[in-house]
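What follows is a short report on a single structure.
Taken together, the values in this text are just the output of simple stated rules run on the coordinates, not laboratory data. Small disclaimer: the values here were computed from a predicted structure and weren't measured. Cβ coordinates were reconstructed from backbone atoms using ideal geometry, including for glycine residues, and neighbour counts include every protein chain displayed.
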Amino acid sequence: MSNKIKTNIYEIVLLIILFLVFLTVVIPYIWTVSNAFRFNDEIGVFNNLGIYTFIPKRFTFTNFKRMFDQLNMWRIILNTLLVAFSTTFISLFINSITGYSLGQLDFIGKNFIFGLFISMMMFPIEVLIIPLYLTMNDLNLNNSYFSLILPFLATPFGIFFMRQFFCNQPKALGESAKIDGASYFQIFVKIYFPLAKTPLLTLGLLTFMQQWDSFIVPVTFINDESKLVLQVALTRLSAGLYMTDYGVLFAGVTLSILPILIIYLIAQNNIQENIASAGIK
Amino acid sequence: MLEKKKKKNNRIKKDEQINGFVFVLPALLIIGIFNFWPAVRLFLLSFSNYSIMAKKGEFIGISNYLSMFEDKEFINSLKVTIKMAILIVPIQTILALLFAVAINRKKRIYKFFRVVYFIPAITSFVAVAILWKQLLNPSFGLVNSILESLGLPRSQFLSAIPDAFYSTVFVCIWKSWGYFMVIFISGLQDIPSDVKDATRIDGANSFQELIYITIPMLRKTTLLVIVVTTMDAIKLFVPAYTMTAGGPIGTTTTTVYYVWRQAFRLSEIGPASAMSILLFVIIGIIVILQFKIGGEEQYE
């Protein structure tokens, strides 16, 4: 009996702690989102904690409207999605066909090429940004979407991750198809690629999130207002040339948080499992 | 007959050779042009006085490397980065581990907390940084409101020393600890339940179970988390760029941010390249550690 009471007390204390941490995670979001729906003259008025600190007294969309007037927001959203989706889909294909080749086929120089790919993990983008910028200059790709997409169409991690998967698939599948006269490309597209649904989903998710979050690359490579991506646009709102328009800033942050949050809450089980299964990004 | 079969086998072998190579060719081109060549070029640049305007530079030996160690601001940025890593890595790892152990239960409510704690991990770092920049705003930020209502003194936070530094550390942890908690939870679920049952039967309490069973069995996960967190801390750029611009007086200038500013604001390509090489050496050591810990088949 006393043991049970002890367990109950332990659980109540635990729940209280977990709830306090819950608040430190959630309250910043609530405060930010609520500020996005306030008139500017209401921001900073309810400094004494109260109900209106967390919900607007007069609800308005005017900040969002001003944001879309000041920045070419639709264009920015479109740019961000275009870059993130095209990188994700093309890189999934390139990384997996490379992983298939390295994991299933035999050819001269295979180990050397794999070693080369892996050793590139020592050069994260933060280290390579300077020469990559110069290379983009040489190729006349600065200030273009290509500069955001091309470098990430094949990644050492993606290749490693897919090779790992294909290494563990039976070779017999391909060999019997080969005897029936299928080409290696057909074997990959029709047999092995469909097998890889789970790792592709995981890698796709990681790639998409990385591209969506990507900052040092677009902030360095893109100058043109019409080619801005969302994350860079946010920092422009935050440190504008003029006085910061806080309503617009909060609206911008809200716009960048909410869609991803909604997708996450709908698919949270899958997303967490996928990320855990990739172990560590 | 045998001869014919051998010939056919040879043809298949050759076919495999060609196809195998053709399939890696796109990746080889991409990584060659956008990883390998820039990596080589970084070494070359670090020995030159390259100018973006003139698009050329001359070989000047190791002077970029020598001046790097005399650059007080660079040394300061290294110190800032190391100090941040020293705080972020243990605090974040311990938080993630403890909460993973506490939350790894079947009841719905724990599942709910797990979902919520992960939210900052799926929010972009820029959004997180701006969000906290406003929460810490000296005039209308929520944190000051809370401090005041608790009868505590207000703070200038991001424009005060050392508040800006600790605020940056806090924001980094706030953003990422939930992610690593999920990694730990998946590690915990890999511990076979009969091991735990046996410990319980032997009369161990939950604290003993944590120290003698859970933590040792999570050794590999923990090491990987430490390595990855260290790497993330060394690569910090967004908080400095977005929240503090590296200030006040350099107390939040991380190395990556400093190097980036040298290269792209001051066009000091050569010196910045030498500094990047130093970063590469540090990161290279960490990557090798990561592989050693992960072992080939389990890595990442």
> Scaled to the compact-protein estimate 2.2 N^0.38 Å, what is the alpha-carbon radius of gyration of segment B:26-102, rounded to two decimal places?
Replying inline: 1.74
>> Using the Kirkwood formula on the Cα atoms of segment B:57-153, what hydrodynamic radius do you get, in angstrom to one decimal?
In response: 18.2
>> Running a GNM on chain A with Cα contacts under 10 Å, which residue among A:S176, A:S101, A:S147 ends up with the highest mean-square fluctuation?
In response: A:S176
>> If I stretch the segment between A:L49 and A:D180 completely, what's the gain in nm (0.36 nm per residue apart, minus their alpha carbon distance), one decimal?
In response: 39.7 nm
> Of B:K55/B:K235; A:K110/B:K13; A:K197/B:K106; A:K197/B:K14; B:K196/B:K220; B:K79/B:K292, which sit over 21 Å apart, Cα to Cα?
Replying inline: B:K55/B:K235; A:K197/B:K106; A:K197/B:K14; B:K79/B:K292
>> Under the rule of at least 5 residues apart or a separate chain, name every residue whose amide H is placed under 5 Å from the amide H of B:S51.
In response: B:K56, B:G57
>> Averaged across A:131-139, how many Cβ atoms of other chains sit within 10 Å of each residue's Cβ atom?
In response: 6
> Can you pull the Rg over Rh of segment B:219-264, Cα-only, Kirkwood?
Replying inline: 1.14
> On average, how much area does the Cα convex hull of segment B:224-296 cover when viewed from any direction, in nm²?
Replying inline: 5.6
> So for the pair B:I191, A:L14, with labels modelled 7 Å out along Cα→Cβ, what separation do we get in nm?
Replying inline: 1.2
> Taking each residue of A:94-105 in turn, how many C-beta atoms of other protein chains fall within 10 Å of its C-beta, and what is the average?
Replying inline: 5
> When Lys and Arg each count +1 and Asp and Glu each count -1, what net charge do the other residues less than 12 Å away from B:L78, Cβ to Cβ, add up to?
Replying inline: +1
> In segment B:174-290, what is the volume of the convex hull around the alpha carbon atoms, normalised per residue and reported in Å³?
Replying inline: 124
> Taking Rh as the Kirkwood radius computed over C-alpha pairs, what is the Stokes-Einstein D of the protein assembly as shown at 20 °C in a medium of viscosity 1.002 mPa s, expressed in µm² per second?
Replying inline: 82
> Along the charge dipole of segment B:172-218, which of B:I213, B:F184, B:T199 sits closest to the positive end, that is, farthest toward it, with unit charges on the beta carbon of Lys, Arg, Asp and Glu (+1, +1, -1, -1)?
Replying inline: B:F184
>> Per 0.36 nm of contour for each residue apart, how much would the distance between B:V22 and B:V40 grow if the chain were fully extended, relative to their Cα-Cα spacing?
In response: 4.0 nm
> Most fluctuating residue of B:D163, B:D197, B:D71 in a GNM of chain B with Cα springs under 10 Å: which is it?
Replying inline: B:D197
> Quick one: net charge of B:L266's neighbours, Cβ under 13 Å, K/R +1, D/E -1?
Replying inline: -1
> Tell me, in nm to one decimal, what length is gained between B:E70 and B:F170 on full extension, where the rule is 0.36 nm per residue of separation less the Cα-Cα distance?
Replying inline: 32.9 nm
> Scanning chain B for helices, which whole DSSP H stretches are 30 Å or more long along the axis (Cα) and average -1.0 or more by Kyte-Doolittle?
Replying inline: B:2-31, B:72-103, B:163-189, B:269-298
> Sorted by mean Cβ packing within 10 Å, highest first, what order do the peptides B:14-24, B:265-275 take?
Replying inline: B:265-275, B:14-24
>> On C-alpha positions alone, give me the angle between the axis of helix A:2-36 and the longest principal axis of chain A, in degrees, nearest 10.
In response: 80
>> What value in Å³ per residue do you get for the convex hull of the alpha-carbon atoms in chain A?
In response: 214
> What is the distance, in nm, between label points placed 7 Å from the Cα along the Cα-to-Cβ direction at A:L23 and at A:N137?
Replying inline: 5.3
>> Can you give me the angle between helix A:246-277 and the longest principal axis of chain A, using Cα atoms only, in degrees from 0 to 90, rounded to the nearest 10?
In response: 40
>> Over the Cα atoms of segment A:1-121, what radius of gyration and what Dmax do you get, in Å?
In response: 26.7, 71
>> At R0 = 51 Å, how high is the FRET efficiency between B:S267 and B:I94 if r is their beta carbon distance? Nearest 0.05 is fine.
In response: 0.75
>> Per DSSP helix of 4 or more residues, -39500 (n - 2.57); summed, then divided by the residues of chain A. What does that give at 222 nm, rounded to the nearest 500?
In response: -22500 deg cm²/dmol
>> Using only Cα atoms and rounding to the nearest 10 degrees, what angle (0 to 90) does helix A:125-138 make with the longest principal axis of chain A?
In response: 70
> How much mean residue ellipticity at 222 nm does chain B get from its helices, if each DSSP H run of length 4 or more adds -39500 (n - 2.57) and you divide by all residues, to the nearest 500 deg cm²/dmol?
Replying inline: -22500 deg cm²/dmol
> Which values of log₁₀ I(q)/I(0), to two decimal places, follow from the Debye formula for chain B at q = 0.10, 0.13, 0.14 Å⁻¹ with a uniform point scatterer at every Cα?
Replying inline: -0.77, -1.07, -1.16
>> At a 10 angstrom cut-off on C-beta neighbours, averaged per residue, how do the peptides A:127-138, B:216-227 rank from highest to lowest?
In response: A:127-138, B:216-227
> When Cβ neighbours within 10 Å are restricted to other protein chains, what is their mean count per residue of peptide B:138-146?
Replying inline: 4
